Amino acid sequence: MFNKLLKRMADPALDDAAQGYEERLYEVAKEGVPAHIAIIMDGNGRWAKKRSLPRVAGHHEGMKTVRKITKLANHLGVEVLTLYAFSTENWKRPKMEVDFLMRLPEEFLSTFLPELIEENVRVEMIGYHHNLPSHTISAIRKAKEATKHNTGLVLNFALNYGSRSEIVDAVKDIAAQVAAGKLDLEDITEERITSGLMTNNLPEPDLLIRTSGEVRLSNFMLWQLAYTELWFTETLWPDFGEESLLEAVENYQKRNRRFGGLKGEEAN
Ligand code: V07
């Protein structure tokens with residue numbers, strides 16, 4: 001996991017400032033980074049408004065942040081990065097904005113898929129396929145296929161995702177099994193519910209970041225975030241740079257140091 005960082009640090013083109021930055025990355029990586037970081041990427045519209053640009057210009061700029069943050073998370077040794085790109089509530093936005101958003105996965109992948117492959121990143125998605133345009137689904141399917149053997153960061157996009165629906169679906173599946181006599185009441189456990197969620201094969205998030213000053217979960221991974229450290233920042237998503245991620249991770253590490261190995265026991 002330090003290989004990627006060591007390779008970066010060995011670059012003879014680095015000046016003193018860049019060398020200092022790489023050493024800071026190394027210090028952060030050494031201390032143990034969150035295995036799973038989830039991010040609510042808020043503030044794209046506000047970023048655009050501040051510049052008298054249309055909202056979609058902010059979404060487009062936000063896409064560049066996705067690239068930067070993915071790259072840094074991968075180099076730090078983060079295992080999973082879940083990005084909330086589109087919620088089941090977002091369909092209520094103007095049709096023109098929704099249409100634009102649904103083109104972003106294609107645009108992102110047509111520009112950055114080669115880089116993701118190069119960087120050993122694996123693309124995944126959680127959320128409902130229904131309602132998504134077929135061009136969006138096929139772009140994502142192609143990216144998943146092209147990266148399925150990669151062993152670095154899992155870049156998990158939450159697209160048309162809603163946490164309560166996800167829980168309802170898991171509960172329905174369990175109820176159907178009970179009704180069919182295939183499952184006993186005693187077998188309805190936390191583990192059984194967890195395994196019915198779309199995040200089934202992923203670790204729970206260790207750190208949730210929400211940008212742009214809103215201090216809410218907005219129906220995002222409600223079950224999975226039960227023990228997650230939360231980090232809220234005023235920074236708008238298009239302005240959220242490498243420094244911003246490092247700040248969030250360093251703060252997370254400070255909290256973990258205070259816990260001194262007692263994490264998960266705070267409620268006892
Ligand atoms: C979207 C850019 C980031 C800020 C938040 C809203 C707008 C990347 C993707 C994406 C999704 C799937 C995929 C590859 C890329 C994306 C939507 C919006 C809908 F396989 N950014 N981004 N998808 N925004």
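The values are calculated or read from the model by the stated rules, or taken from the named source; none is laboratory data. On a predicted model such as this, the values are computed, not experimentally measured, just so you know. All Cβ positions, even for glycine, are placed from backbone atoms using ideal geometry, and neighbour counts span all protein chains on display. Surface areas here come from the heavy atoms of the whole protein model, side chains and all, with no ligands, DNA or RNA. Shrake-Rupley method; radii C 1.70, N 1.55, O 1.52, S 1.80 Å.
With a cut-off of at most 10 other beta carbons within 10 Å, and DSSP calling the residue loop, which chymotrypsin sites (Phe, Trp or Tyr not before Pro) in the stretch 177-261 qualify? Please list them. Mind dumping the intermediate values first?
Numbers: sites: 220, 223, 227, 231, 232, 240, 252, 259; in loops: 220, 223, 227, 240.
Within the stretch 177-261, no chymotrypsin sites (Phe, Trp or Tyr not before Pro) qualify (loop, at most 10 other Cβ atoms within 10 Å).
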What lysines does residue 64 reach when the alpha-carbon gap must be under 24 Å and sequence neighbours fewer than 8 apart in one chain are set aside? 4, 7, 49, 50, 95, 142, 144, 148
What is the distance in Å between the Cα centres of the stretch 124-158 and the stretch 196-215? 17
In whole Hz, with x marking every Gly and Pro, tabulate ³J(HN,Hα) for the stretch 159-171 from phi via Karplus 6.51 cos²θ - 1.76 cosθ + 1.60, θ = phi - 60°. 10, 6, 9, x, 6, 5, 4, 4, 5, 4, 4, 5, 5
What is the percent carbon and sulfur in the accessible area of the stretch 125-268, measuring with a 1.4 Å probe over the protein chains and ignoring ligands? 51
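Net charge within 13 Å of residue 155 by Cβ-Cβ distance, Lys/Arg positive one each and Asp/Glu negative one each, not counting residue 155 itself?
Details: positive: 67, 68, 71, 122, 144, 148; negative: 79, 115, 119, 124.
That works out to +2.
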Phi to ³J(HN,Hα) by Karplus 6.51 cos²θ - 1.76 cosθ + 1.60 over the stretch 31-44, Hz, x for Gly, Pro: 6, x, 8, x, 5, 10, 10, 10, 10, 8, 8, 9, x, 5
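Find, among the chymotrypsin sites (Phe, Trp or Tyr not before Pro) in the stretch 110-196, those assigned to loop by DSSP (not H, G, I, E, B) with at most 16 other beta-carbon atoms within 10 angstrom. Can you show the working numbers first?
Numbers: sites: 112, 128, 157, 161; in loops: 128.
Passing both the DSSP loop test and the Cβ count: 128.
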In nm, to one decimal, how far is the residue 9 label point from the residue 53 one, both placed 7 Å along Cα→Cβ? 3.6
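Pick out, in residue order, every one of the trypsin sites (Lys or Arg not before Pro) in the stretch 174-243 that is DSSP loop and has at most 15 other C-beta atoms within 10 Å; say none if there are none. Before the final figure, lay out the partial values.
Details: sites: 182, 192, 210, 216; in loops: 182, 216.
Here the trypsin sites (Lys or Arg not before Pro) that fit, given the DSSP loop and packing criteria, are 182, 216.
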How much of residue 165 can a 1.4 Å solvent probe reach, expressed as accessible area in Å² and rounded to 10? 50
Under a 5 Å amide H to amide H cut-off, with H placed in plane at 1.01 Å, what residues pair with residue 157 once short-range neighbours are removed? 83, 124, 125, 126
If you count only protein heavy atoms and use a 1.4 Å probe, how large is the accessible surface of residue 64, to the nearest 10 Å²? 100
Residue by residue through the stretch 125-136, which ³J(HN,Hα) values in whole Hz follow from phi under the Karplus form 6.51 cos²θ - 1.76 cosθ + 1.60 (θ = phi - 60°), with glycine and proline marked x? 9, 10, x, 8, 6, 4, 6, 6, x, 5, 5, 5
Counting only heavy atoms of protein chains, what accessible area per residue, in Å², does the chain have with a probe of 1.4 Å? 52
Determine the principal axes of the Cα atoms in the stretch 1-130, then give the extent along each, sorted from largest to smallest and rounded to whole angstroms. 48, 34, 26
Longest DSSP-loop-exposure-free segment, GluC sites (Glu not before Pro), the chain, at most 13 other Cβ within 10 Å: 90-213
The equivalent-ellipsoid semi-axes of the chain, taken as the square roots of five times the Cα gyration tensor eigenvalues and listed largest first in whole Å, are 30, 25, 19
